[in-house]
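Report on one structure; see the data block that follows.
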Amino acid sequence: MKLMGEMLLRKEPFGEIVMGNTALVRAMVEAGTRVVTSYPGSPTPEIATAIGTIPKDRRPFYFQFSTNEKVATEVAYGAALNGHLSTVFFKSVGLNVAADTFVQLSLMNIIGGMVVVLGDDPGANSSQNEQDNRHLAHLSYTPVFEPASPAEVYLFYKAAARLSREKQMPVIVRLTTHVCHAKERVAFGLWSPKAPDDTPRFDVANGPYIPLTELTFPMKARALRNLEAVRNLGETTELNRIVDNANPARGVITMGLPFLSLLDVLQAAPRKPDILKLGIVYPIPRKLIIDFLKAHEQVKILEELDNELEKEIKLLAYDQALKTRIIGKLDDEDWMGEYTPDKVAGVLRRTWPDLLPEPQASAAPIRAVPSRPAQMCPGCGHRSAFHAIKQALSDADITVADIGCHTLGYMPPYNIGQLLMCMGASTGMGAGLSLFNTTRRVVVFLGDSTFFHAGLPGVINALFNKHNLTLIVMENGTTAMTGHQDHAASGRNFNDVTEKIPIRRVLEGLGVEPIFEIDTYQQKGLTEMVKKAVAVEGFSVVIARHPCMLKFTRQARKKPNYQLRQVDIDQSRCQRIHDCVARFGCPTFTRNEDDGVQINPDLCIGDGSCIQTCPIQAIEMPKIVGPPS
Ligand SMILES: Cc1ncc(C[n+]2csc(CCOP(=O)(O)OP(=O)(O)O)c2C)c(N)n1
């Protein structure tokens, strides 16, 4: 890790195999970025991991995880108004949270420049949808640069930063999961650090910065002018390029990952189509595209997710009365998932059946990878919580999940959390479910990072409007699901030790009463507390806390002389009741062929939270089994 930090600060040019997310950080360093903000979300957290490898006192820019994406956007914007080149990054759905601020950015004269890095997630690998954020770019008149590979991430970020600074406008760099996580050798350039000018340069004369009534119109005109300038840039920039295969019959207009998949698939094609690969995908370069259309009889638009390019290009062709046959998604049903080579081959076969040779039947049949449902880690405090909470609830109760590791409670054997929307939505949805409802109790769940991110307004609403529901805060001290980033109640921020903002204190400050609080490993106590909490008429809160055991164990393993402990089953006592497997559900336990239970030594962390779940005490206390392998 230290080596990565040193690499990111090298002054002379060098080449290295890196992930897209790491290439981005080097680009930030070279571009002179001064302020970077974020809220964690896949596929972007490794950007922060790479930043964290640079020692704080040598980091050329300030970085923070903010409480949510909207705040992160505002912090980056504020810094840019003082003249600092700034960047905010977050995942696809983060843009929904940031949107109320984000959609105004293009109206503003952002004197330092500001790059918005989006981690879109075709295939919904780690998101609740696979939204295509080009829509929000259109809506907000913000240009989109879309790299296809780590090398392009590096080049495109620098180009976006340059443009953003020059035009004093926001520019999006849209990454997708594959591009963030792919690895490639990237040729990095020179870094000549300059002493930063940190004079706070905010000046109303650079504005207006108040988009109200008639002031909004000149501001919008500015955004549209800027967009036109970027469109013109797109006509000549190297970010948009033609791969000429001398084929006047067929062309493909594409971008991002689909471009790489296309190159891969076309290796087998005897006669390759020409390719126009767009790097600036919004706004599109009209002349370049019209010329490309004119030069081909048929043009396939190859784009992942929605048909933004297709719509724009068909409009262009219509206006120009072009005869070229344009084939897009309206002629093909593939609107979902990542455009991997397999998928692109399928799309191309349907478009031009003679383009590719018949697929070879592989000698060995390809066996599908068995599906592995997500599950909570061994020792997870959320498991103990669900085990205990289930015993306090009835089948009639309505349970509402939120986003985080605790979402996994929806699966058997717990089946708790019957609906889910997005971060922070549980308390509001629960409030709605409680209206006119005198027979079914409503219990909602919220992780601690989510509490600060978008949970608080729902909590305040429940209090203010006197809703009848119980909130269970699943407090594990960290933002676990995205890789253990600190939050306001962790006692650390990205850079320093900081005062904790305890959730209990926040709730007390709001006047929540009653508040119950217990460690989730005290399962009986938690069951009793939840029974009391749901019996309260009105809004009640249970704080069900236990540190994230994945984080805890990782830290413990780094200590010298760490000894691994594990539980075991006393086979002479075990009566094959199987509560440990069927009701507690720790993956450590497996049923043998003889119906006995055994411990998986690769999984057990010896936390002992399972011991109390065996009605006949057949699980033995954890014993030292030696240093971890
Ligand atoms: C708007 C938005 N931003 C970020 C994410 C990514 N995300 C998914 S789960 C999660 C962590 C939630 O942490 P916490 O509430 O503490 O629950 P834990 O995973 O620790 O149990 C985050 C940030 C998201 N899904 N939506």
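In table form, for the structure just shown:
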{"quantity": "Stokes-Einstein D (µm²/s) once Rh is taken as the Kirkwood radius of segment 122-208 over alpha-carbon pairs, at 4 °C in 1.567 mPa s", "calculated": "82 µm²/s"}
{"quantity": "Segment 277-434 - percent of accessible surface contributed by carbon and sulfur, probe 1.4 Å", "calculated": "58 percent"}
{"quantity": "Segment 22-96 - percent of accessible surface contributed by carbon and sulfur, probe 1.4 Å", "calculated": "51 percent"}
{"quantity": "Listed peptides 249-256, 57-64 by packing density, highest first (mean Cβ within 10 Å)", "calculated": "249-256, 57-64"}
{"quantity": "Selected from Ile624, Trp352, Gln522, residue furthest toward positive end of dipole (the chain; charges at beta carbon)", "calculated": "Ile624"}
{"quantity": "9 Å beta-carbon shell around Glu308, net charge (K/R +1, D/E -1)", "calculated": "-3"}
{"quantity": "Cross-link pairs Lys323/Lys343; Lys287/Lys311; Lys466/Lys532; Lys70/Lys311; Lys272/Lys329; Lys70/Lys194 - those with Cα-Cα distance over 24 Å", "calculated": "Lys323/Lys343; Lys70/Lys311; Lys70/Lys194"}
{"quantity": "Two-decimal Rg to Rh for segment 436-498 - Kirkwood Rh, Cα set", "calculated": "1.10"}
{"quantity": "Overall Cα dimensions of segment 378-455, principal axis frame, Å, largest first", "calculated": "40, 30, 15"}
{"quantity": "Relative contact order computed over segment 47-132 (Cα-Cα under 8 Å; 6+ residues apart), in percent", "calculated": "29 percent"}
{"quantity": "Dipole magnitude of segment 490-629 about its Cα centre (Cβ charges: Lys, Arg +1; Asp, Glu -1), debye to nearest 20", "calculated": "460 debye"}
{"quantity": "Rounded to the nearest 20 debye, dipole of segment 203-289 from Cβ charges on Lys, Arg, Asp, Glu", "calculated": "280 debye"}
{"quantity": "Given charges at Cβ of Lys, Arg, Asp, Glu: the chain dipole, positive-most of Pro60, Val25, Tyr282", "calculated": "Pro60"}
{"quantity": "Segment 29-81 and segment 223-241: distance between their alpha carbon centers, rounded to Å", "calculated": "27 Å"}
{"quantity": "For the chain: Kirkwood Rh in Å [reciprocal of mean 1/r, alpha carbons]", "calculated": "27.2 Å"}
{"quantity": "Angle between the chain longest axis and helix 256-266 axis [Cα atoms, degrees, rounded to 10]", "calculated": "70 degrees"}
{"quantity": "Order by protection proxy (mean Cβ within 10 Å, highest first), peptides 230-240, 604-614", "calculated": "604-614, 230-240"}
{"quantity": "Rounded to 10°, Cα long-axis angle of helix 20-31 versus longest principal axis of the chain", "calculated": "60 degrees"}
{"quantity": "By average C-beta atoms within 10 angstrom, highest first, the peptides 530-539, 103-112, 175-184", "calculated": "175-184, 103-112, 530-539"}
{"quantity": "Accessible area per residue, Å², the chain with all protein chains present, probe 1.4 Å", "calculated": "45 Å²"}
{"quantity": "Crossing angle, helix 216-236 versus the chain [Cα axis fit, 0-90 degrees, rounded to tens]", "calculated": "70 degrees"}
{"quantity": "Rel. contact order, % - alpha carbon contacts under 8 angstrom, at least six apart, the chain", "calculated": "10 percent"}
{"quantity": "Residues in segment 20-54 reached by a label modelled at Val506 [backbone nitrogen below 19 Å; 7 Å Cα→Cβ]", "calculated": "38-41"}
{"quantity": "Charged-residue dipole, Cβ positions (Lys, Arg, Asp, Glu), the chain about Cα centre, Debye nearest 20", "calculated": "820 debye"}
{"quantity": "Cα lying deepest toward the dipole's positive end in segment 475-622, options Ala556, Leu510, Ala480, charges on Cβ", "calculated": "Ala556"}
{"quantity": "Rough spin-label spacing in nm, given labels placed 7 Å along Cα→Cβ, for Ser126 and Val536", "calculated": "3.5 nm"}
{"quantity": "Within straight-line cross-link reach of Lys167, aspartates and glutamates at Cα separation under 16 Å, skipping those fewer than 8 residues along the same chain", "calculated": "Glu228"}
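The values are calculated or read from the model by the stated rules, or taken from the named source; none is laboratory data. None of these values were measured; they are calculated from a predicted model. Heads up, the Cβs are rebuilt from the backbone with ideal geometry, glycines too, and the neighbour counts pull from every protein chain shown. When the accessible area is computed, the model is the full protein with side chains, heavy atoms only, and any ligands, DNA or RNA have been set aside. Shrake-Rupley method; radii C 1.70, N 1.55, O 1.52, S 1.80 Å.
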